[in-house]
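To start, the structure under review is shown below, and the notes come after it.
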Amino acid sequence: MDITFSPPKSPKPTREQLFVKSPNHDCILENQRELNAIQNHQEYVHEKAEKGFFDYQNARDKNKKVKDERNEEHVEREMEYENEMERAGKNREKYLDTIKQKGMTDVEHSKEVVEKLKSDKEQFPQH
């Protein structure tokens with residue numbers, strides 16, 4: 001299949017004619033640039049707003065996480081404090097019991113000594 005083109009009817013343009021722009025050319029480009037600038041600005045503002053929202057959400061989640069950790073630490077400390085108080089109470093009772101036992105043995109010993117002295121006094125009266 002042979003395709004043949006008809007010869008051009010208008011003369012070839014000169015070099016100067018090729019560099020001449022249409023009168024609408026600048027307006028079209030200017031309008032296109034303005035539209036692109038507006039779109040770019042809208043995208044930029046949208047991205048900034050989205051980033052701000054995500055930053056806010058991340059900060060809120062982080063604060064909640066830190067608050068929960070602190071709350072857990074507070075509960076753990078409170079439990080440790082209660083356990084220590086319980087243990088201290090038991091140790092205090094043991095300490096008081098040992099002191100009572102020592103006191104009782106001392107009292108028993110002193111009673112024995114007094115009884116022995118009384119018996120010695122009766123056996124060996126002094127003049």
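Here the residues Lys9, Lys100, ranked from fewest to most Cβ neighbours within 10 Å of their Cβ, fall in the order Lys9, Lys100. Put a dot 7 Å past the Cα of Val107, heading toward its Cβ, do the same for Tyr95, and the two dots end up 2.2 nm apart. Rg then Dmax, both in Å and based on the Cα atoms of the chain: 52.5, 170. Whole-Hz Karplus values for the stretch 105-111 come out as 5, 5, 5, 4, 5, 5, 5 Hz, taken residue by residue from phi with 6.51 cos²θ - 1.76 cosθ + 1.60 and θ = phi - 60°; glycine and proline positions read x.
Here Lys111 is the anchor, and the lysines within straight C-alpha reach of less than 18 Å, apart from those fewer than 8 places off in the same chain, are Lys100, Lys102, Lys121.
Each value in this text was obtained by applying a stated rule to the coordinates, not by laboratory testing. Source: prediction; values computed, not measured. Note: ideal-geometry Cβ built from the backbone for every residue, glycine included; neighbour counts use all protein chains shown.
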